[in-house]
Amino acid sequence: MRYVTAGESHGRSLSAIVTGVPAGIPIRLELMDADLARRQSGYGRGGRQRIETDRVTVLSGIRFGETLGTPVSLAVANRDWDNWLDVMAVTGVKPEGIRQTAPRPGHADLAGVLKIGSNDTRDILERASARETAARVAAGGIAKALLRALGVEVSSYVASVGDVAIPADFDSRTVDADVVEASELRCPVPAVSEAMKAAIDAARADGESLGGVFVVLADGLVPGLGTYAEACGRLDARLAAAVVSIPAIKGFEIGDGFAAARVPGSEAHDEIHYAVGGFTRPTNHAGGIEGGMTNGEQLVIRAAMKPIPTLMRPLASVDLDTLEAVDASRERSDVCAVPAAAVVAEAEVAFVLANAYLDKFGHDALGDIILARDHYLARIAR
């Protein structure tokens, strides 16, 4: 199952086409819309979120609430497009004075114009904008629906914003989803959530932006998804590629990740025990992945998001026309978008996990996939 997105930040709409979708997956549009709303939420978001009210429109591939086994086409309209008709016109001659010529440090602006030979960074920034991730979240709703039918739930929370973080020994297995969704930062510790808000307020007052770390969880996974046999099929590698594809993500780890490099082996690995019904592990340092495969424990992924590169107190840049020193351009932007990035990462992780299930249990129809899954679980039961 794969997706491709299209659309610009201030174009008419964003769209996604999902191919390889099995037949018979129950689709609840209200859950897809809820994820789109979660992507728009979070303390520190900018004015764009007050303009857009993202909703998914299904154009193909779903009938009476179930997938048909054909490509699913989805659209998310940009209400702000009405205000950008002169700048984002599809036809005609580009008016004078609308070019952006001061690339922003940390953004795709400069490398992009050099790559394609443009003299206008808007040719780059409209597609490189994180607004594109709304289409990813819509597409991810299909993958989440498949996983939900297989007993798998994907969720996320924010672990840090700037230098404000939840305790290092926080156990992801104790996360209260209601607390997370009630928090404006999607943080599982209310006191830390309030401290994060204060940090964002200070950054906003100073014309700054803040990044942070979020955690994505997947519960209910069967062991053995992925492979140890080939590099391209290792689940950890596929997860890393998917999450790092999200704009502004600069770090990725599974389980203890980098912390595992600082302890001896006896503290880095999860002992294997047995109880009637199956194998167990008292700890989850591995984060649910061993040897490129799921081991049946909770999948725990952490990712680091850098601060957004659009600053109200802009950094130094160089004008593309004059080559003289100028301030970088400013687009309407957020102070902090870590909670939103976590929701996008849920969609990316869901796609990787959905494909791991399809690789192991078949691709055509949900009923057949469930039967194959159940047969597998019966075989490995002890």
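The values are calculated or read from the model by the stated rules, or taken from the named source; none is laboratory data. Note that the structure is predicted; figures quoted are calculated from it, not measured. Reconstructed Cβ throughout: ideal geometry from the backbone, glycine too, with neighbour counts over all protein chains shown.
Just so you know, in region 317-351 the residues that are at pLDDT 95 or above and of a type in the set (Val, Ile, Thr) include one that is surrounded by the fewest Cβ atoms within 10 Å (Cβ to Cβ), and it is Thr322. Being among the hydroxyl-bearing types (Ser, Thr, Tyr), out of contact with any Cys (no Cβ under 8 Å at 6 or more places or on another chain) and free of Cβ contacts under 8 Å to residues at least 24 places away in the same chain holds for only one residue in Ser156, Ser118, and it is Ser118.
Where strands (runs of 3 or more DSSP E) fall entirely within region 231-297, those with at least 2 residues that are β-branched (Val, Ile, Thr) and under 30 Å from Arg131 (Cα atoms) are at 249-254. Of the residues making up region 199-220, those that are assigned to a helix (DSSP H, G or I) and within 20 Å of Ala341 (Cα to Cα) are Ala199, Ile200, Asp201, Ala203, Arg204. A search for C-beta distances below 9 Å between a residue of region 225-251 that is touching a residue at least 12 places away in the same chain (Cβ under 8 Å) and any residue that is among the aromatic types (Phe, Trp, Tyr), counting only pairs 6+ apart in sequence or on different chains, returns Leu225/Tyr357; Arg234/Tyr228; Leu239/Phe252; Ala240/Phe252; Ala242/Phe351; Val243/Phe252; Val244/Phe252; Gly251/Phe258.
The criterion of being of a type in the set (S, T, N, Q), under 23 Å from Ile308 (Cβ atoms) and modelled with pLDDT of 90 or more does not hold for Thr91.
Among the residues of region 175-193, those that are surrounded by fewer than 16 Cβ atoms within 10 Å (Cβ to Cβ), outside any loop (DSSP other than H, G, I, E, B) and either on the phi > 0 side of the Ramachandran plot or of a type outside the set (A, V, I, L, M) (or both) comprise Asp178, Glu181, Pro190.
Against the definition (under 20 Å from Val300 (Cβ atoms), in contact with an Asp or Glu (Cβ under 8 Å, 6 or more places away or on another chain) and either in contact (Cβ under 8 Å) with a residue 24 or more places away in the chain or not small (Gly, Ala, Ser) (or both)), how does Pro167 come out, yes or no? Against the criterion (under 20 Å from Val300 (Cβ atoms), in contact with an Asp or Glu (Cβ under 8 Å, 6 or more places away or on another chain) and either in contact (Cβ under 8 Å) with a residue 24 or more places away in the chain or not small (Gly, Ala, Ser) (or both)), Pro167 does not qualify.
Going through (1) in a loop (DSSP other than H, G, I, E, B); (2) touching a helix residue (DSSP H, G or I) at 6+ places or on another chain (Cβ under 9 Å) one by one, Glu96 falls short only on (2). Inspect all residues belonging to region 269-289 and state whether any of them is of a type in the set (Phe, Trp, Tyr), closer than 28 Å to Ala159 by Cα and in contact (Cβ under 8 Å) with a residue 12 or more places away in the chain. Among the residues of region 269-289, not one is of a type in the set (Phe, Trp, Tyr), closer than 28 Å to Ala159 by Cα and in contact (Cβ under 8 Å) with a residue 12 or more places away in the chain, which makes the answer no.
Here is the figure for region 135-174: residues that are outside any strand (DSSP E or B), at pLDDT 95 or above and surrounded by 13 or more Cβ atoms within 10 Å (Cβ to Cβ) total 19.
Annotation: of all residues in region 324-349 being in a strand (DSSP E or B) and touching a residue at least 12 places away in the same chain (Cβ under 8 Å), the one that is nearest to Glu181 (Cα to Cα) is Asp327.
Only one of the numbered conditions (1) in a loop (DSSP other than H, G, I, E, B); (2) closer than 27 Å to Ala203 by Cα; (3) among the charged types (D, E, K, R) is violated by Asp321, and that is (2). Checking each residue of region 205-216 against the condition of being closer than 30 Å to Gly277 by Cα and either surrounded by 19 or more Cβ atoms within 10 Å (Cβ to Cβ) or of a type in the set (Phe, Trp, Tyr) (or both) gives at least one match.
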